[in-house]
Amino acid sequence: MDKYINTPITEEVTADLKYGDYVYITGTIYVARDAAHKRMTEALEKGEELPIPIKDATIYYMGPSPAREGKVIGSAGPTTAGRMDKYAPVLLDLGQKAMIGKGKRNKEVIDAIIRNKAVYFAAVGGAGALLSKCITKSKIICYEDLGAEAVLEIEVLNFPAIVVIDRDGNNLYDMV
Amino acid sequence: MIRTINVNIVTETIKDMCIESNYHLSKDMDQALKKAADTEESVLGKKILDQLQENLKIADEDKIPICQDTGMAVIFMEIGQDVHFEGGNLEDSINEGVRRGYTEGYLRKSVVNDPLLRENTKDNTPAIIHYTIVAGDKVKITFAPKGFGSENMSRVFMLKPADGEEGIKNAILTAVSDAGPNACPPMVVGVGIGGDFEKSAIMAKQALTRNADEYSKLPHIRKMEKEVLEKINAFGIGPAGLSGSTTALAVNINTYPTHIAGLPVAVNICCHVNRHTVRIL
């Protein structure tokens, strides 16, 4: 089923999402991948604050190619989400509500999704040029020294994704 | 007769290849994806394959990489033994081409200097370079930037000779099945059978640079390529792993003599953005 949703993706929003739903996401989301997740986790361990407001946040697992002059961003497709499995449950327990990536998640992440009424979306891997068209703003929030792995805050408009794991833990990949 | 080539030509050529291969798929891959969009049986699978067509069009028109993972630069250098390079160190000139290509082409820099310390080199160097010395006075350069979503799902199996053909097929099918949605299907499957541990892996990588519409020249291997491709597509993993009849676009197998005690099988998986460009100097 096609659905149009806005961020922040709250419990009320995830209540209406089922595995297999095709969604178009609009609003502010955050971009972080391996190295940024490692740093955020280390910050938490040291008792420091996270660089992004985590409550009801949507994190897109992505590392874009550089933007040309006058463009918002370069190619911007999802990266493999499983590499963030080690870090995701902690962030979900702190309030993160949605993840966008591609590929399988482990049991710890699925349990954390159920526990926190969260959701995991997949975007189409390797369609980075197409997906970049849905990004209307982009700015670096922190960890600029990580290059392509810096944390970004971006605005998306009708960003296409598919609900792979819904808040009840139903997993679209398992149905294949 | 010795032919002299200035290394600056190598640098310029590599730079152009970095940019070209990340903005445009080669003709064989482009056609394989078009064909898949026409024949895919699942509705969602077809929708995704149509998006990939649109993605290729945008990449071409807007000069933006097809995929944000513009890869680690993998380069096969087949150097004629009658060639002499002048003007500098060959390996440095290749890396300079990568540096310029990834910087001037707005390509992502995805290389870290040390696998544990993990500091980004900020220019995508160093490249992974495979040299072979061949007859003649030409230099054949194959540029195949490799994304790591699919690279991470690749495997080497050290089988026993008794495992035979069935064991090989099972190894390939296991690797593909385990890769599932992580490797961004529809994928291309490069396989190296024989040689030793590292030879099989290098053959598997090289098999990915073979055109998607070409089969092995060996009849028994050609038969296996077709059979394994059919079995992979019968899995139903489909485009983006969301079900469908297109899980792989091609299975390319290379072989080499091996030891009486061994049967190495390497499976190098590539996503649908299987980039490979060839230039001859």
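Restricting A:86, A:102 to residues that are closer than 13 Å to residue A:161 by Cα and among the charged types (D, E, K, R) narrows the list to A:102.
Criterion applied to B:140, B:199 was being closer than 25 Å to residue B:14 by Cα, under 16 Å from the mean Cα position of the chain (by Cα) and away from chain A (no Cβ under 14 Å), and the one residue passing it is B:199.
Restricting attention to the range A:110-142, the residues that are under 19 Å from residue A:91 (Cβ atoms), in contact with an Asp or Glu (Cβ under 7 Å, 6 or more places away or on another chain) and not β-branched (Val, Ile, Thr) total 3.
Screening B:196, B:163, B:213 for residues that are farther than 25 Å from residue A:175 by Cβ, in the same structural domain as residue B:236 (by TED's automatic domain parsing) and modelled with pLDDT under 95 leaves exactly one candidate, B:213. Residue count for the range A:1-37 under the criterion of being closer than 21 Å to residue A:104 by Cβ and surrounded by fewer than 18 Cβ atoms within 10 Å (Cβ to Cβ): the result is 3. For the range B:76-96, the condition holds for at least one residue, the condition being that it is touching a Phe, Trp or Tyr at 6+ places or on another chain (Cβ under 7 Å) and open to solvent by less than 70 Å² (accessible area, probe 1.4 Å). Within the range B:250-271, residues that are farther than 12 Å from residue B:189 by Cβ have Cβ atoms under 7 Å from residues that are part of a strand (DSSP E or B) and open to solvent by 20 Å² or more (accessible area, probe 1.4 Å) in these pairs: B:262/B:158; B:263/B:159; B:264/B:156; B:264/B:158; B:264/B:258, counting only partners at least 6 apart in sequence or on another chain. Would you check which residues across the range B:57-78 are of a type outside the set (S, T, N, Q) and within 8 Å of chain A (Cβ to nearest Cβ) and list them? Answer for the range B:57-78, where residues must be of a type outside the set (S, T, N, Q) and within 8 Å of chain A (Cβ to nearest Cβ): B:58, B:59, B:62, B:63, B:64, B:65, B:66, B:67, B:69.
Residue B:60 - would you say it is open to solvent by 20 Å² or more (accessible area, probe 1.4 Å), over 26 Å from residue B:202 (Cβ atoms) and over 18 Å from the mean Cα position of the chain (by Cα)?
Answer is yes for this residue.
The range A:57-166 holds helices (runs of 4 or more DSSP H) entirely within its bounds, and those carrying 1 or more residues that are within 12 Å of chain B (Cβ to nearest Cβ) and crowded, with 24+ Cβ neighbours inside 10 Å map to A:128-132.
When restricted to residues that are open to solvent by less than 20 Å² (accessible area, probe 1.4 Å) and without any contact (Cβ under 8 Å) to a residue 12 or more places away in the chain, the range A:167-176 contains 0.
Only one of A:70, A:47, A:103 is on the phi > 0 side of the Ramachandran plot, modelled with pLDDT under 95 and of a type outside the set (Val, Ile, Thr); which?
Step by step, each of A:70, A:47, A:103 is checked, and only A:70 is on the phi > 0 side of the Ramachandran plot, modelled with pLDDT under 95 and of a type outside the set (Val, Ile, Thr).
Would you confirm whether any residue within the range A:45-55 is touching a Ser or Thr at 6+ places or on another chain (Cβ under 8 Å), more than 8 Å from chain B (Cβ to nearest Cβ), among the hydrophobic types (A, V, I, L, M, F, W, C) and over 30 Å from residue B:101 (Cα atoms)? No, the range A:45-55 contains no residue that is touching a Ser or Thr at 6+ places or on another chain (Cβ under 8 Å), more than 8 Å from chain B (Cβ to nearest Cβ), among the hydrophobic types (A, V, I, L, M, F, W, C) and over 30 Å from residue B:101 (Cα atoms). Quick check on residue B:81: is it of a type outside the set (Gly, Ala, Ser), under 20 Å from the mean Cα position of the chain (by Cα) and more than 10 Å from chain A (Cβ to nearest Cβ)? Answer is no for this residue.
The values are calculated or read from the model by the stated rules, or taken from the named source; none is laboratory data. Just so we're clear, the structure is a prediction, and the values are computed from it rather than from any experiment. Neighbour counts are summed over all protein chains in view; Cβ atoms, including those assigned to glycine, are modelled from backbone coordinates with ideal geometry. In case anyone asks, the SASA skips ligands and DNA or RNA and just uses the protein heavy atoms, side chains included. Shrake-Rupley method; radii C 1.70, N 1.55, O 1.52, S 1.80 Å.
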